[in-house]
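K.L.:
Pasting a structure below so you can have a look.
The values are calculated or read from the model by the stated rules, or taken from the named source; none is laboratory data. Every value quoted in this text rests on a predicted model; they were computed, and no experiment measured them. Don't worry about glycine lacking a Cβ; one is built from the backbone with ideal geometry, like all the others, and counts go over all protein chains shown. SASA here: full protein model, heavy atoms, side chains in, ligands and nucleic acids out. Shrake-Rupley method; radii C 1.70, N 1.55, O 1.52, S 1.80 Å.
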Amino acid sequence: RRRRRRRRHTSPPPPSTRARGCHPSIMEGTKGMKKGAGQFLAMGFEGSANKVAVGVVRSDGAILSNPRKTYITPPGTGFLPRETAEHHREVVLGIVQQALDDAGIVPADLDCLCYTKGPGMGAPLVSVAVVVRMLAQIWKLPMVAVNHCVGHIEMGRVVCGAEDPVVLYVSGGNTQVIAYNQQRYRIFGETIDIAVGNCLDRFAREVGLSNDPSPGYNIEQLAKQGTKFIDLPYTVKGMDVSLSGILTFAEREARERMAAGECTAADLCFSLQETIFAMLVEITERTMAHCNTNDVLIVGGVGCNKRLQDMMQRMVEERGGRLYATDDRYCIDNGAMIAYAGLLAFGQGQTTPMADSTCTQRYRTDEVLVTWRTDTK
């Protein structure tokens with residue numbers, strides 16, 4: 001009989017620093033506050049990967065609650081769809097209650113329920129969507145399906161107060177450089193194979209790093225101890241990047257050169273970060289030049305990496321612009337980002353009928369009609 005992997009339910013560590021360029025009133029939350037005249041309240045549900053989260057947000061962007069839990073597997077392993085979905089089903093109702101309690105509200109105070117339609121892992125997405133359908137019928141509330149990527153962008157914009165920046169979206173499943181134009185978030189550059197977060201996670205497994213709190217975070221910490229730079233493939237193809245080759249090369253270096261005592265895991269983590277982040281800065285700067293924009297917003301789980309933020313900050317300052325970035329509360333998948341993006345659509349009269357409340361693993365950022373924004377250029 002196959003042994004089941006041990007599960008750990010954890011919450012993210014408290015942030016140690018305030019996010020760059022963000023509004024303190026929004027970031028510190030508004031526990032206990034309800035909606036005023038003409039305002040809406042939404043509960044957002046996120047479960048596209050190994051994190052399941054529920055957030056309550058007001059239409060002015062105030063975050064009333066934002067709890068989440070993470071499915072963490074043993075070192076050297078990843079998370080599988082079925083087991084991740086089982087984790088989400090086990091804990092999601094408890095997180096719903098926590099979100100209500102933290103916000104100081106009851107279901108009758110809500111105006112809509114928002115959920116992640118995609119992209120993401122099929123089984124985890126469906127496990128959360130089923131809960132939303134159930135609660136929508138019990139509480140008699142409309143549903144709003146949300147694109148996960150758009151949720152990240154709108155969360156970054158409202159938390160940081162960024163108006164029209166170039167967006168670098170970097171996570172476990174996505175790597176895109178995005179800019180808004182004509183009611184779409186246009187993708188100007190992206191990975192042509194694997195995402196940056198997936199690349200870092202797989203290398204962390206190669207060198208035996210823990211998945212707690214996340215492989216990428218542990219790579220970031222170990223990289224600070226690196227003293228030797230190892231040349232790795234630097235693959236930028238026009239506006240796109242390729243990361244599968246650098247991962248294969250780094251894994252081979254880890255097996256051969258570490259065994260020979262020629263370098264350490266810290267050296268390889270340092271080299272991997274420096275090379276990949278330089279590639280991301282390059283394609284971001286090209287998009288800025290193309291769009292005639294000097295501001296950058298970094299979103300997605302990898303976006304809370306301080307080294308990436310520092311490298312991007314230097315480039316942005318040289319162009320006379322401003323970098324907007326957040327910490328793990330808002331970069332990492334959370335329910336508030338889905339609630340807020342859903343509220344923006346809800347404010348335009350958009351809802352999702354029960355018959356259409358499906359999920360999809362493939363849902364590109366530029367497929368969404370951004371009706372809540374108007375062109376200013």
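K.L.:
Using alpha-carbon positions, what is the distance between the centroids of region 88-152 and region 247-286, in Å?
P.N.:
38 Å
K.L.:
Rounded to the nearest 10 degrees, what's the angle between the helix 81-103 long axis and the longest principal axis of the chain, both from Cα atoms, 0 to 90?
P.N.:
For 81-103 against the chain, the angle is about 50 degrees.
K.L.:
Another one. ³J(HN,Hα) across region 188-196 via Karplus (A = 6.51, B = -1.76, C = 1.60, θ = phi - 60°), whole Hz, x for Gly/Pro?
P.N.:
After applying 6.51 cos²θ - 1.76 cosθ + 1.60, I find 8, x, 6, 6, 9, 9, 9, 7, 5 Hz.
K.L.:
Heavy atoms only, probe 1.4 Å: what % of the accessible area of the chain goes to carbon and sulfur, would you let me know? Can you show the working numbers first?
P.N.:
Working: 7630 of 15840 Å².
On the chain, the fraction of accessible area on carbon and sulfur atoms equals 48 percent.
K.L.:
Rank-order 216-223, 40-47, 338-345 by packing density, defined as the average count of other C-beta atoms within 10 Å over each peptide's residues, highest first. Before the final figure, lay out the partial values.
P.N.:
Details: 216-223: 20.6, 40-47: 28.0, 338-345: 30.1.
For the peptides 216-223, 40-47, 338-345, the packing ranking is 338-345, 40-47, 216-223.
K.L.:
In addition: Which of the peptides 59-69, 134-144 is most tightly packed, and how do the rest follow, going by the mean number of other Cβ atoms within 10 Å of each residue? Kindly include the intermediate steps, with their values, before the conclusion.
P.N.:
Values: 59-69: 22.5, 134-144: 16.2.
Output ranking for 59-69, 134-144: 59-69, 134-144.
K.L.:
Here's something else I'd like to know. Per residue, how many Å² of accessible area does the chain show with a 1.4 Å probe? Write out the running numbers ahead of the final one.
P.N.:
On the way: 15840 Å² over 377 residues.
Value for the chain: 42 Å² per residue.
K.L.:
Please express the Cα-Cα pair-distance distribution P(r) of the chain as a list of whole percents, one per 10 Å bin, running from 0 to the bin with the greatest distance.
P.N.:
Bins of 10 Å from zero give 5, 25, 33, 25, 10, 2, 0 percent of pairs.
K.L.:
Taking H placed 1.01 Å from N in the peptide plane, check which residues at least 5 places from THR191 or on another chain put their amide H under 5 Å from its amide H.
P.N.:
Amide H neighbours of THR191: THR175, VAL241.
K.L.:
Under the rule of at least 5 residues apart or a separate chain, name every residue whose amide H is placed under 5 Å from the amide H of TYR324.
P.N.:
Correct list: VAL296, LEU297, ILE298.
K.L.:
Using only the Cα atoms of region 89-155, build the gyration tensor, take square roots of its eigenvalues as a ≥ b ≥ c, and label the shape rounded, prolate or oblate: rounded if a/c is under 1.5, else prolate if a/b is larger than b/c, else oblate. Mind showing how you got there, number by number?
P.N.:
Details: a/c = 1.56, a/b = 1.37, b/c = 1.14.
Verdict is prolate for region 89-155.
K.L.:
Placing unit charges on C-beta atoms (Lys and Arg positive, Asp and Glu negative, everything else neutral), compute the dipole magnitude of region 273-377 about its Cα centre in debye, rounded to 20. Let's see the in-between values first.
P.N.:
Details: 11 positive and 14 negative charges, 20 e Å.
Dipole magnitude for region 273-377 comes out near 100 debye.
K.L.:
Measuring from the lowest to the highest alpha carbon on each principal axis, how far does region 259-377 reach, largest first, in angstroms?
P.N.:
60, 39, 24
K.L.:
Looking only at ALA336, ALA289, ALA260, which one moves most when the chain is put into a Gaussian network model with springs between Cα atoms under 10 Å?
P.N.:
ALA260
K.L.:
Further question: So if I place +1 on the C-beta of Lys and Arg and -1 on the C-beta of Asp and Glu, and nothing else carries charge, what would the dipole magnitude of the chain be about its Cα centre? I want it in debye, nearest 20. Intermediate values should be presented prior to the final figure.
P.N.:
Details: 44 positive and 40 negative charges, 229 e Å.
Here the size comes out at about 1100 debye.
K.L.:
Grab every C-alpha pair in region 241-310, bin the distances at 10 angstrom width from 0 up to the longest one, and report whole percents.
P.N.:
Going from the shortest bin to the longest, the percentages are 17, 41, 28, 12, 3.
K.L.:
Choose one of SER214, VAL196, THR227: the residue whose Cα lies farthest towards the positive end of the charge dipole of region 189-232 (beta-carbon charges +1 Lys, Arg; -1 Asp, Glu; about the Cα centre).
P.N.:
THR227
K.L.:
Could I ask something else about it? Compute the Kirkwood hydrodynamic radius of region 157-262, taking the inverse of the mean of 1/r over all pairs of distinct Cα atoms, and give it in Å to one decimal. Provide the component values of the computation, followed by the final result.
P.N.:
Numbers: mean 1/r = 0.0635 Å⁻¹.
One decimal place: 15.7 Å for the Kirkwood radius.
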